[in-house]
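Here it is, the structure in full.
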Amino acid sequence: MARTLTVAAIQTSYGDDLAANIAKTEALIREAASLGAQVILPSELIQGPYFCVSQDERWFATAHPWREHPCVTALAPLAGELGVVLPISIFEREGPHYFNSLVMADADGSLLGLYRKSHIPDGPGYQEKFYFRPGDTGFRVWDTRFGRLGVGICWDQWFPEAARAMTLMGAEALLYPTAIGSEPHDPTLDTALPWRRAMQGHAVSNVIPVVGANRTGFEAWPNYPGGGQRFYGSSFISNHRGDLVAELGRDDEGVILATVDLDFLAAHRAAWGFFRDRRPDLYGSLITGRPA
């Protein structure tokens with residue numbers, strides 16, 4: 001019997017109330033699980049609004065050690081209850097250091113480990129370098145109950161070497177939780193389609209399904225151009241050809257699902273030969289986070 005994987009993406013808006021954000025995410029996770037999803041991807045930093053629009057030290061108080069983060073302590077047990085895999089995006093504090101991180105909860109509720117975002121943007125509306133150190137974990141993949149998964153976080157999605165490194169490590173699907181929307185310095189600039197296309201390219205070049213989960217809605221900020229930031233939504237699931245097999249609109253809230261045949265993909269990936277002549281000397285430092 002073929003080994004299949006059913007993946008889902010969640011798209012919703014978030015506000016200032018942490019408990020309400022967790023409850024909203026939980027409801028959508030339950031909906032996705034009821035539809036047969038085995039791996040369910042919420043978007044980036046579901047704990048609250050996307051606060052990196054400016055530099056404001058009060059947000060450091062919302063970071064927590066990863067095992068103790070309220071999103072982790074609430075959603076990891078839910079993964080065990082429903083028998084699903086949940087990648088959980090958090091604002092992490094480790095001593096004096098702060099990271100944009102992801103915790104992988106397996107289908108029994110156990111925590112498989114941590115990935116810290118490697119690529120940290122720093123520009124108008126996305127001033128993440130004020131808050132987050134570059135990740136020190138290297139890229140990560142996890143053997144979950146349903147398959148071997150690689151996860152990048154938001155800006156990681158623009159870098160083909162991240163997708164290639166995770167696939168070289170044996171990832172069978174790539175997941176990208178993200179928060180992307182309007183650009184305050186140029187209201188005519190719309191990057192929703194390039195955002196999708198970059199990840200669709202990863203799918204083609206690595207013969208692998210890709211899931212992108214973005215937030216939606218308008219988040220008001222004082223003194224911000226246009227009064228606040230509007231997120232693109234447009235979450236999607238791409239197959240190994242780069243075709244969109246499931247997608248949400250810009251303003252939709254809800255879940256999307258798709259099922260892929262992992263055995264077929266393994267054989268098809270081998271047939272393309274993209275990894276036959278791979279160069280460990282080139283990719284080793286990307287995978288480990290250390291110089292080759």
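Under a 1.4 angstrom probe, counting protein chains only, how are 68, 57, 183 ranked by accessible area, largest first?
So, going from the largest accessible area down, we get 57, 68, 183.
Relative to the Cα centre, what is the charge dipole magnitude of the stretch 144-223, using +1 at the beta carbon of each Lys and Arg, -1 at the beta carbon of each Asp and Glu, and rounding to the nearest 20 debye?
380
Build a GNM of the chain with springs between Cα atoms under 10 Å: which of 100, 21, 223 gets the top mean-square fluctuation?
Sorting by GNM fluctuation, first place goes to 223.
Per 10 Å bin, what percent of the C-alpha pairs of the stretch 38-94 does each bin hold, from zero upward?
So the P(r) values, bin by bin, are 22, 49, 23, 6.
Follow-up. Identify which of 39, 103, 204 has the largest mean-square fluctuation in a Gaussian network model of the chain, with springs joining Cα atoms closer than 10 Å.
204
To the nearest 20 debye, what is the magnitude of the charge dipole of the stretch 178-275 about its Cα centre, counting +1 on the Cβ of each Lys and Arg and -1 on the Cβ of each Asp and Glu?
The dipole of the stretch 178-275 has a size of about 240 debye.
Please compute the per residue accessible area over the chain with all protein chains in place, 1.4 Å probe, rounded to a whole number of Å².
Averaged over the residues of the chain, the accessible area is 41 Å².
Given H placed 1.01 Å from N in the peptide plane, which residues other than close sequence neighbours of residue 173 have an amide H under 5 Å from its amide H?
Excluding prolines and chain starts, which carry no amide H, the hits are 150.
Taking all protein chains in place and a 1.4 Å probe, what share, in percent, of the accessible surface of the chain do carbon and sulfur account for?
53
With no solvent and one equal point scatterer placed on each C-alpha of the stretch 72-216, evaluate the Debye formula and give log10 I(q)/I(0) for q = 0.09, 0.18 Å⁻¹, two decimals.
-0.28, -1.10
Which percentage, to the nearest 5, of the DSSP beta bridges contained in the stretch 120-271 is antiparallel?
If I count the DSSP bridges inside the stretch 120-271, around 70 percent turn out antiparallel.
Sequence-distant or interchain residues sharing an amide H contact under 5 Å with residue 228, placed H: which?
Amide H neighbours of residue 228, under 5 Å, 5+ apart: 221.
What list of ³J(HN,Hα) couplings, whole Hz, do you get for the stretch 228-235 from phi and the Karplus terms 6.51, -1.76, 1.60, once you set θ to phi - 60° and write x for glycine and proline?
3J(HN,Hα) across the stretch 228-235, in whole Hz: x, 10, 10, 8, 6, x, 6, 4.
Sticking with this one: Give the ranking of 35, 102, 257 by solvent-accessible surface, highest area first, calculated with a 1.4 Å probe.
Solvent-accessible surface, decreasing: 35, 257, 102.
Same structure, new question: If you wrap the chain's Cα atoms in a convex hull and average its projection over all directions, what's the area in nm²?
The orientation-averaged projected area of the Cα hull of the chain comes to 14.5 nm².
Anyone know which of 56, 17, 277 comes out most mobile in the 10 Å Cα GNM of the chain?
277
Top to bottom by accessible area (1.4 Å), largest first, where do 117, 129 land?
Sorted by accessible area, descending: 129, 117.
Still on this model: When all protein chains stay in place, what accessible area (Å², nearest 10, 1.4 Å probe) is found for residue 64?
For residue 64, the solvent-accessible surface is approximately 60 Å².
The values are calculated or read from the model by the stated rules, or taken from the named source; none is laboratory data. Here the structure is a predicted model, which is why all the values come from computation and not from measurement. Reconstructed Cβ throughout: ideal geometry from the backbone, glycine too, with neighbour counts over all protein chains shown. These accessible areas exclude ligands, DNA and RNA; they are computed on the full protein's heavy atoms, side chains included. Shrake-Rupley method; radii C 1.70, N 1.55, O 1.52, S 1.80 Å.
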